[in-house]
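Take a look at the structure set out below.
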Amino acid sequence: MSEQSDFPLPEITPLTEPYWKALSEGRLTFQRCGSCGAAWLPARAECARCLGDELGWETASGRGRLVSWVVYHHAFHKAFAQRLPYNVAIVELEEGPRLITNIVNPQAGLAVDRPVQLVIEQEHGVALARFRVV
Amino acid sequence: MRGNIVIAGIGQTAFGKLPGRSTISMNVEACRKALADAAIDKSVVDAVFVKYPSSRFEGKYGQKVAEALGLQPRIGGVWDQAGASNISMISFAAMAIEAGQCEVALACFADNPNTGSRKVFERSLGDEAAYGWFGVTAGYAMIARRHMAEYGTKHEDLAAVAIACRRHGAANPNAQLRSPLTLERYMSSRFIVEPLRRDDCCLLSDGGAAVLVMSARRARELGVAHPVPILGFGQGQTSWEVPQRPTLTSTCAAISAQTAFRMAGVGLKDIDVAQIYDCFTITVLMTLEDYGFCKKGEVGHFVREGRIEIGGELPINTSGGLLSETGMGGMQLVLEGVRQMRGSATLQVPGARKCVVSNQGGIMHTHSTLILANE
Ligand SMILES: [Zn+2]
């Protein structure tokens, strides 16, 4: 099996479709509650703070900080066997939401709370929100 | 309620690779042995609490176990808090007995990821599979990295946990992994998901275990030889997935322990031995901190120089824990707590009078605490 044929593409649902569409257009977006102002990723149908359901999408600045990261030395999915070792990181956007991502320039030196900047990359026809440390 | 409820019997299967054994069959064996341990007949059992096998979820599993046990329990079903389930089931059994809903409860768990499917432990952790976010190990590694960065926690501190558990497991004839570990071998073992190495990760194991829960009064009526009183229990749920969790370096283990110690009316200084859920070494470090055995960030000092090994100030996981005895989700720790309170453990802590047991599940999503006594 090639990496191409079984790459784990995101499952796009009515709830997440606005997120992936915006990302394909070059914008990283997150949800904000119209009632209490809480902001988060990934998409939810209701606000977990006030339980309101009047939610909107906002575009992120692309600036954030590195919360934590790991380096895979074992591939739990064969699509990633060829890229070992690879990193997966948690980034907190300056607007508050946190997301799973990759750091594209780990050779620059990774450290928690280091500032990062959005880099949108295409992979297997999907736009992914990655970051570089700055 | 303190001390009114006892663990009257314990039972377990062999641990390791048990090809061809169904989880139902292993549950029955563990329950049969728990009944035999208490020397009572199954006819007095009127409640069956079951943790579903992590490796395979199926509906009405609790009824399937009860059917195989030939029982029609007044209370019976499956409880799901992942690895925290076993202590929680014992807690709910105790509360149900106190509330007059049942009298004698079996709580049991069996799983077979070693010879069956381990896919559940390697699956994608959400919609983020495209980023390579797979496997339970990675979630714990994410937490470990942050803990190391915030508090200066070292690989040597993680190693101290693995070394203690492996030393204790080596003394346990029933343990799945009986080779002791040195710091040198730990430091040279390969990373799975950095910063966690192979020796930071628990075993994958087939096996089952069960406990029999009843009131102290009922245990006296039935002539149970070695009842172990439950002094307290508590639970706490962090709930957030790892990426969304506002803080990675503490969990609701703290609330779970506060509840259990308040109920028990004892303090940390009264604890002679601890069985701390060790799915990964970082879990033990954070549980010791969140329970209050040491200040946040000082756990490295706490675990060094053999303090958590037999003969140390707070021996943990005296039968080897998930890292050495068996990777099954938590009931084996309760069994070892019971043996310590009976004075019958292989690595017995001399004169041990109080034992705390922790269970936790998911990626530190759930937590449950049990305090046992020998009084
Ligand atoms: Zn809200």
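Observations
- Considering the range B:165-247, the qualifying strands (runs of 3 or more DSSP E), each wholly inside and each with 3 or more residues that are touching a residue at least 60 places away in the same chain (Cβ under 8 Å) and away from chain A (no Cβ under 14 Å), run over B:207-215, B:228-237.
- Contact map, the range A:31-50: first residue without any contact (Cβ under 8 Å) to a residue 24 or more places away in the chain and within 10 Å of chain B (Cβ to nearest Cβ), second residue in a loop (DSSP other than H, G, I, E, B) and near the ligand (Cβ under 6 Å from one of its atoms), Cβ cut-off under 9 Å, separation 6 or more or different chains; pairs are A:ALA48/A:ALA38.
- Qualifying residue in the range A:35-53 (condition: over 19 Å from A:ARG98 (Cα atoms), away from the ligand (no atom under 16 Å from the Cβ) and in contact with a strand residue (DSSP E or B) (Cβ under 6 Å, 6 or more places away or on another chain)): no
- Checking each residue in the range A:32-56 for being surrounded by 18 or more Cβ atoms within 10 Å (Cβ to Cβ), under 21 Å from B:SER124 (Cα atoms) and not hydrophobic (A, V, I, L, M, F, W, C) picks out only A:PRO42.
- Residue within the range A:124-131 that is more than 10 Å from chain B (Cβ to nearest Cβ) and surrounded by fewer than 15 Cβ atoms within 10 Å (Cβ to Cβ) present: yes
- Residue selection: B:GLY116 satisfies the criterion of being away from chain A (no Cβ under 14 Å), touching a helix residue (DSSP H, G or I) at 6+ places or on another chain (Cβ under 9 Å) and not in a helix (DSSP H, G or I).
- Scanning the range B:1-50 for residues that are of a type outside the set (Phe, Trp, Tyr) and either part of a strand (DSSP E or B) or in contact with a Cys (Cβ under 6 Å, 6 or more places away or on another chain) (or both) yields a count of 16.
- Residue in the range B:118-137 that is most open to solvent (accessible area, probe 1.4 Å), counting only those that are among the hydroxyl-bearing types (Ser, Thr, Tyr) and free of Cβ contacts under 8 Å to residues at least 24 places away in the same chain: B:SER124
- Candidate set: the range A:93-108, residues that are over 21 Å from A:THR29 (Cα atoms) and away from chain B (no Cβ under 13 Å); chosen: the one surrounded by the fewest Cβ atoms within 10 Å (Cβ to Cβ): A:GLN107
- From the list A:THR13, A:THR29, A:THR59, the one residue that fits, being modelled with pLDDT of 95 or more, surrounded by fewer than 15 Cβ atoms within 10 Å (Cβ to Cβ) and either more than 16 Å from the ligand (Cβ to nearest atom) or of a type outside the set (Asp, Glu) (or both), is A:THR59.
- If the condition is being small (Gly, Ala, Ser), modelled with pLDDT under 95 and closer than 26 Å to B:LEU181 by Cβ, then the range B:125-159 contributes only B:GLY135.
- Condition check for B:LYS60: open to solvent by 60 Å² or more (accessible area, probe 1.4 Å) and either small (Gly, Ala, Ser) or at pLDDT below 95 (or both): yes
- Only a single criterion out of (1) more than 14 Å from chain A (Cβ to nearest Cβ); (2) at pLDDT below 95 is not satisfied by B:GLU122, namely (1).
- Any chance B:THR115 is farther than 16 Å from A:ASN87 by Cβ, among the β-branched types (Val, Ile, Thr) and open to solvent by less than 40 Å² (accessible area, probe 1.4 Å): no
- Of all residues in the range B:169-188, none satisfies being at positive phi and modelled with pLDDT of 95 or more.
- The range B:309-353: number of residues that are open to solvent by 30 Å² or more (accessible area, probe 1.4 Å) and touching a His at 6+ places or on another chain (Cβ under 7 Å): 3
The values are calculated or read from the model by the stated rules, or taken from the named source; none is laboratory data. Note that the structure is a prediction, hence the values are computed from the model and not measured. Cβ: placed from backbone, ideal geometry, glycine included. Neighbour counts: every protein chain shown. When the accessible area is computed, the model is the full protein with side chains, heavy atoms only, and any ligands, DNA or RNA have been set aside. Shrake-Rupley method; radii C 1.70, N 1.55, O 1.52, S 1.80 Å.
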